Amino acid sequence: MARLSEKHKQALENAHYEIVGRHSAVEICSWCKKSLLDEGVCYKQKFYGINCHRCCQMTPSAGWCDQNCVFCWRAQELNEGIRMDADVDAPKKIVDGCIKAQIRKLSGFKGNEKTNMEKWKQAQEPMHFAISLTGEPTLYPKLPKLIKEIHKREKTSFLVTNGQHPEMLLRLKHENALPTQLYISVDAPTRELHTKIDKSTNKNAWERLNKTLEILPELNCRKVIRITLIKDMNDCCVSEYAQLLEKAGDDVMVEVKAYMFIGYSRKRMEKENMPTHEEVMEFSKKLAQELGWNVIDEGVRSRVVLLAKKDFKSRIMKFN
Ligand code: SF4
Ligand code: SF4
């Protein structure tokens, strides 16, 4: 049975996560809080139109991941395993529990005189599910049903995966459960750097990532490749990145985002591994040139640059 240990639960609660059921968790994103106070919004609101104050940042697999990325903010030593048991919580229970937890955690904003009350009222019904937070969500065996449960309620889903489970992405396709926007993390341009940076527990990790990129053209949803750029580690090999990205087709977007020196990654990394926004932009321009693509947007505060072959009108989604 998939269940977080008491020690793990405690560590997550200490980090302000709320545990939902046996293995899921919610954390109020700092951008959601900022948005409620009219202090700014995340770059995904700028790039894609989601509303931060209505975004639920959650995971159905809080303690499970098959990689040990050097830049990861989670406590990898508490990992519960590299595969989840088939005995897991039901998707409906997870979605209901996450919404309740989100609303409960936002209740304190009602008494804050700086809160934008119109946004706070809207936030009582979260509309976007960012399935990322911590752990690898494609390890949750009922992921197709979870995404369908979210969409059934007319909410959107952003799914972030480490690219190690192409078979789950094919299941999402075949079960008509592709997310609104699918993120694949590509943190290394070569097999050697992937071994060093992602520290996968899968022997054929590089092949799995490549297979994931190769099936992307057949997945009919919005797709983003995320490169977490780490100074002096993976900010090289532009032509190798381009060769890898070309496998994904030309209807993907690429986010190049600076590594941030936060959470448990501070135990493994140096502050100097964070590139500046200018360095992210310089790398992105080189990559765009190599691909024959364009830089189409940027988020200076988050040190992120967006590339695409061609910008398109529906990139910024419209929500009520
Ligand atoms: S999209 Fe991500 S960064 Fe933006 S509010 Fe949601 S969880 Fe936070
Ligand atoms: S795949 Fe994601 S959750 Fe797993 S170690 Fe890497 S960054 Fe962390």
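What follows draws every value from the coordinates through simple rules; no lab data is involved. Values in this document were obtained by computation on a predicted structure and should not be read as measured data. Here Cβ is always computed from backbone atoms with ideal geometry, including for glycine, and neighbour counts include all displayed protein chains.
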Residue 57 long-range amide H proximity, modeled H, under 5 Å: 27, 29, 130
Within region 35-52: backbone nitrogen closer than 16 Å to the residue 16 label point (7 Å, Cα to C-beta): 35-42
Additional length obtainable on full extension of the chain from residue 118 to residue 246, 0.36 nm per residue less Cα span: 41.7 nm
Relative contact order of the chain, defined on C-alpha pairs under 8 angstrom at six or more residues apart (%): 17
Surface/4 of the Cα convex hull for the chain, nm²: 15.2
Sorted by Cβ neighbour density within 10 Å, fewest at the top, the residues 211, 121: 121, 211
Theoretical gain in end-to-end length, residue 6 to residue 232 [0.36 nm per residue, Cα-Cα removed]: 77.6 nm
Paramagnetic reach from residue 315 in region 273-304 [backbone N under 13 Å; point 7 Å along Cα→Cβ]: 293-299
Where the Cα pairs of region 254-316 fall when distances are cut into 10 Å bins, in %: 22, 43, 25, 9, 0
Overall form of region 183-320 per C-alpha gyration tensor (a/c, 1.5; a/b vs b/c): oblate
27 Å Cα-Cα threshold exceeded, pairs from 196/247; 114/313; 100/267; 100/145; 142/313; 100/318: 114/313; 100/267; 142/313
Proximal aspartates and glutamates to residue 92, defined as alpha-carbon separation beneath 15 angstrom and excluding residues fewer than eight positions away on the same chain: 149, 154
Sparse-neighbourhood loop sites, trypsin sites (Lys or Arg not before Pro) in region 1-110 - DSSP loop, at most 15 other Cβ within 10 angstrom: 83
